[in-house]
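Visitor: My structure is below; once you've seen it, I'll send some questions.
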Amino acid sequence: PGGTVGVSLTGAGMPNRLGIWDGGSVLTSHQEFGGRVTQTDGASTLSDHATHVAGTMIASGVDANAKGMSYQASLKAHDWTNDETEMATAAAAGMLISNHSYGSICGWYYNGSAWQWYGDPSISNTEDYKFGYYDYGAQSWDDIAVNYPNYLICKAAGNDRGDNLSGSSWTYSNGTPGSGTPPAKDGGTLGYDCIATNATAKNVLTVGAVNKIGGNTGNGWTKASDVVMSSFSGWGPTDDGRIKPDVVSLGVSIYSSISTGTTAYDTYNGTSMATPAASGSLLLVQQHYNARKGKYMRSASLKGLAIHTADEAGTTAGPDYKFGWGLLNIASCVQFINDSSMNKLDERILNNGVPQSLQFSADAGKPLKVTICWTDKSGTPVTSNELDNTTKMLVNDLDIRLTRNSDNTVFSPYILDPANPANAATTGDNTRDNVEMIYIAAPQAG
């Protein structure tokens, strides 16, 4: 309310729509929550992390510096035990968005007293096979998304990039002393391939962490170089070459509530902090869409809109394996919905093998962007005794093409080369991702 976009979105009046799963219970009595958090599963072990995440999502702003995204929304809280069953139950009851700022321990891990390596030396002595691996957890989350097509799972990309042994003494995760040359740092020398397990799911929104735009000045995005990568956020690709993370959000020096007292706060860093900034904000987009259309978007539509309207990040145009599709921009999502004269959002049903078309006129020199996003059936995980198996997890390979009628020129979507992950995006037939985007910076009229 009172912002430049001209809408009044607070998350109010949307019960049971927003959820959190985390490593313990939220301090529901914190002054920032005002009775709007329900610890649904009865978890009783308080968690600073869970309370911090919840605050970023919905804190009312008693301390203005800790004000959350959907600051009048209600929140259904759970610990991560039995998460899959609880997620399905919540989605069946109408939950639209949930936040998952947790994941598997992978690669190097400091347990408080010693370094441990969580890879499997029978598969690789240098890299944890779980990085990039589409496992049964990812498959299960994709199944949930298929079964509940309005439910968007927001997942932290993880903070493993650059983790490395400090010193010379280390053990394997089972406590066996390490010997010989220790494994490489997570992400290797270039930093790629360090997003693991559930975060590789196709139908979730995987969120990476970047620094605050303009530091603490509050100035917004003006150019791609404004988006500065954090030192830890996980980078893709997945083993089968898909683009992860999907988007990035602010995850460095995030001030929010904690559980040590009803007036306690702290500043944390992590993709755990970037993800609630995204999930809490995206609820506002659903609130606005429902106010305009009388219904909620499918999760694929919300994810696609978030990707379509993201601000450019990185040194090259288009997606990459560091920033995904760019910096999440909620104002742009809302403005896209508002401007139906220039923008179009279609939710369609496709019949197998039957193409669909849409004809429209482009204005000379005005950028043209077309994005398709769909909830794909779950893939089949490959056996885990192989490193970086490139078997494709995409089941339904939808394609978009843009044809200029005047000369029959065909434009194709962005593609990346997972074998050379630092290379700039090119265009061609995307056979890996369940998101495709075509962009023309300065089209001809017609």
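Visitor: Using Cα-Cα distances under 8 Å and only pairs 6 or more residues apart, what relative contact order does the stretch 189-277 have, in percent?
Guide: With pairs under 8 Å counted, the relative contact order is 33 percent.
Visitor: Please report the carbon-and-sulfur percent of the accessible area for the chain; probe 1.4 Å, protein heavy atoms only, DNA, RNA and ligands left out.
Guide: 48 percent
Visitor: Which net charge results when you count Lys and Arg as +1 and Asp and Glu as -1 among the other residues whose beta-carbon is under 10 Å from that of ASP79?
Guide: Value of the local net charge: -4.
Visitor: Any lysines with Cα under 18 Å of the LYS185 Cα? List them, leaving off those in the same chain fewer than 8 positions away.
Guide: Counting by Cα, and skipping residues close in sequence, LYS185 has these lysines nearby: LYS130, LYS322.
Visitor: Can I ask one more? Using each residue's phi in the stretch 196-203, evaluate 6.51 cos²θ - 1.76 cosθ + 1.60 at θ = phi - 60° and report the 3J(HN,Hα) Karplus result to the nearest Hz, with x for Gly and Pro.
Guide: With the stated coefficients, the stretch 196-203 comes to 10, 6, 4, 5, 8, 4, 6, 9 Hz.
Visitor: Once phi is turned into ³J(HN,Hα) by the Karplus curve 6.51 cos²θ - 1.76 cosθ + 1.60 with θ = phi - 60°, what whole-Hz value does each residue of the stretch 327-336 show in order, with x for glycine and proline?
Guide: 8, 4, 9, 5, 4, 5, 4, 5, 5, 4
Visitor: Mind checking which aspartates and glutamates have their Cα closer than 18 Å to the Cα of LYS67? Skip sequence neighbours fewer than 8 apart in that chain.
Guide: Candidates past the 8-residue exclusion: GLU32, ASP48, ASP266.
Visitor: Next question. With an 8 Å Cα cut-off and a minimum separation of 6 or more residues, compute the relative contact order for the chain in percent.
Guide: 16 percent
Visitor: Okay, moving on. Might you tell me the accessible area per residue for the stretch 292-402, computed with a 1.4 Å probe and given in Å²?
Guide: The answer is 54 Å² per residue.
Visitor: Pop out the ³J(HN,Hα) list for the stretch 264-269 in order, Karplus 6.51 cos²θ - 1.76 cosθ + 1.60 with θ = phi - 60°, rounded to Hz; leave Gly and Pro as x.
Guide: Once rounded to whole Hz, the list reads 8, 9, 7, 10, 10, 10.
Visitor: Taking the Cα centroid of the stretch 171-239 and of the stretch 357-421, what is the distance between the two, rounded to the nearest whole Å?
Guide: The stretch 171-239 and the stretch 357-421 have Cα centres separated by 24 Å.
Visitor: Rounded, prolate or oblate: pick one for the stretch 294-410, where a ≥ b ≥ c are the square roots of the eigenvalues of its C-alpha gyration tensor, a/c under 1.5 means rounded, and failing that, prolate if a/b is larger than b/c, else oblate.
Guide: It comes out prolate by the Cα gyration axes.
Visitor: Search the structure for amide H atoms under 5 Å from the amide H of ILE415, placed 1.01 Å from N in the peptide plane, and list their residues when 5 or more places away or on another chain.
Guide: Amide H neighbours of ILE415: THR426, THR427, GLY428.
The values are calculated or read from the model by the stated rules, or taken from the named source; none is laboratory data. These figures come from a predicted structure and were not determined experimentally. Positions of Cβ are generated from backbone atoms using ideal geometry, with glycine treated the same way; all protein chains shown enter the neighbour counts. The area values use the complete protein model at the heavy-atom level, side chains included, leaving out ligands, DNA and RNA. Shrake-Rupley method; radii C 1.70, N 1.55, O 1.52, S 1.80 Å.
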